[in-house]
Amino acid sequence: MNIVQIKNCSKKYSKNEFFSLKNINLKLEKGEIVGLIGPNGSGKTTLIKVLSGLLKPTEYEEVKILGDDIYKGKMKTPKVGLVLNSNQMYDDLTVMENIQFFLRMHKIKKKKEEIIALLKKFNLQDREKSLVKSLSTGMKQKLNIIRIILLDVQFLILDEPTSGLDPVSKSDVHNLLYTLSKEFNITILISSHVMNEVQRLCTRVVFLNNGQIIKDNIMEDIFKDFYKDVIEIRIPKDESEQMDQKFRDYGITKYIIWNQNDGSTALIMEYIANKDTFISKLQINSFNERPIQLEDVFFYELYKDRLEEN
Ligand SMILES: Nc1ncnc2c1ncn2[C@@H]1O[C@H](COP(=O)(O)OP(=O)(O)O)[C@@H](O)[C@H]1O
Ligand SMILES: [Mg+2]
């Protein structure tokens with residue numbers, strides 16, 4: 001059984017003319033860590049709300065979580081753990097009190113030893129008697145996640161879970177999520193606009209743009225259409241069209257150019273045989289060759305169509 005199965009799901013907020021989600025089809029399997037990425041306004045939070053049972057799609061064939069269609073018939077409470085960026089804990093209660101209060105609200109009973117073991121596993125041992133306000137932001141976020149795991153959810157959704165965390169806390173939260181997927185076999189959907197975070201952590205990437213899934217690949221396949229290195233070229237102001245033509249004349253097909261305030265940047269994502277010849281022939285002054293990153297693929301997916309429109 002798929003953990004999540006969505007078919008032809010669209011959402012239009014009533015006050016908008018446009019759809020915030022358009023014909024989304026998505027299946028998530030057990031233990032996957034899926035990165036949901038896309039520019040601001042691409043629909044990440046809307047999709048997360050739909051999956052959490054908070055927002056009924058305008059049109060849909062299926063929104064199934066663990067086999068139940070959550071918006072059909074008698075609305076079912078989806079067995080989903082939702083982690084938001086703002087933490088929802090009581091500063092003046094201890095770690096243990098926060099957890100116990102949360103479990104009681106959800107009518108879940110857990111032995112104290114089990115809670116302590118979980119805290120220990122994620123390096124929060126000896127913290128159960130600390131007030132939450134004494135914890136670092138990273139520890140609070142870990143606690144936020146651990147609390148939800150104690151509800152025995154099989155599917156965890158996180159909306160930008162590491163925004164505002166320092167690099168050490170970030171990697172701490174990553175380790176926690178990695179362990180939850182590997183050892184607890186929990187399926188994780190994590191929205192983020194931090195590409196290197198997604199590249200490091202996720203086993204699959206779903207790109208959203210304008211409410212549509214424009215790419216959905218397991219991590220090993222994300223880079224398969226590209227050369228292992230990219231060439232990044234700075235183009236002076238007002239010379240991007242010229243450079244575009246030069247690339248085409250040279251026979252390059254896999255590249256993007258995007259404008260910035262003070263000029264443009266081009267990214268060539270295919271193998272160039274005689275680089276020196278290429279550089280001198282096109283009179284390129286400023287370039288940088290480096291290994292390809294997820295962010296490059298992201299930009300390629302965003303800008304390649306604009307190029308085709310030219
Ligand atoms: N409550 C809402 N009412 C009207 N429009 C909304 C609402 N929430 C989001 N939108 C619009 O839907 C689109 C997708 O937004 P959102 O899902 O928040 O994107 P993301 O999380 O990727 O930034 C945007 O155009 C946004 O303005
Ligand atoms: Mg959002």
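Every read-out reported here was derived from the displayed coordinates using simple, explicitly stated rules and does not represent laboratory data. For clarity, every value in this text was computed on a predicted model and none was experimentally measured. Note that each Cβ is placed from the backbone with ideal geometry, even for glycine, and that neighbours are counted across all protein chains shown.
Once C-alpha pairs closer than 8 Å and six or more residues apart are averaged by separation and normalised to the residue number of the chain, the relative contact order reads 20 percent. Loop-located trypsin sites (Lys or Arg not before Pro) in the range 1-68 (DSSP state other than H, G, I, E, B) with a sparse environment of at most 14 neighbouring Cβ atoms within 10 Å: LYS15, LYS30. Here each label is just a point 7 Å from Cα along the line to Cβ, and for GLU97 and VAL168 those points are 2.8 nm apart. Extension gain for the segment SER280 to THR265, taken as residue separation times 0.36 nm less the Cα-Cα distance, is 3.6 nm to one decimal. Look at ASP68, ASP249, ASP244 and count the other Cβ atoms within 10 Å of each Cβ; fewest to most, that gives ASP249, ASP68, ASP244.
For the range 171-233, the list of trypsin sites (Lys or Arg not before Pro) that fall in a loop by DSSP and count at most 10 other C-beta atoms within 10 angstrom reads LYS224, LYS228.
Please compute the net charge surrounding ILE116, taking Lys and Arg as +1 and Asp and Glu as -1 over other residues with Cβ under 12 Å from its Cβ. Residues close to ILE116 contribute a combined charge of +3.
Near PHE287, once Lys and Arg are set to +1 and Asp and Glu to -1 for all other residues with Cβ below 12 Å from its Cβ, the sum equals -1. Relative to its Kirkwood radius, the Cα radius of gyration of the chain gives an Rg/Rh of 1.05. Distance from the C-alpha centroid of the range 235-252 to that of the range 48-64: 44 Å, rounded to the whole angstrom. Look at SER42, SER171 and count the other Cβ atoms within 10 Å of each Cβ; fewest to most, that gives SER171, SER42.
Classify the range 155-310: rounded, prolate or oblate, from the alpha-carbon gyration tensor (a ≥ b ≥ c, eigenvalue square roots; a/c under 1.5 rounded; otherwise prolate if a/b is larger than b/c)? Verdict is prolate for the range 155-310.
For the chain, the mean residue ellipticity at 222 nm estimated from helices alone is -10000 deg cm²/dmol, where every DSSP H run of n ≥ 4 contributes -39500 (n - 2.57) and the total is divided by all residues, rounded to the nearest 500.
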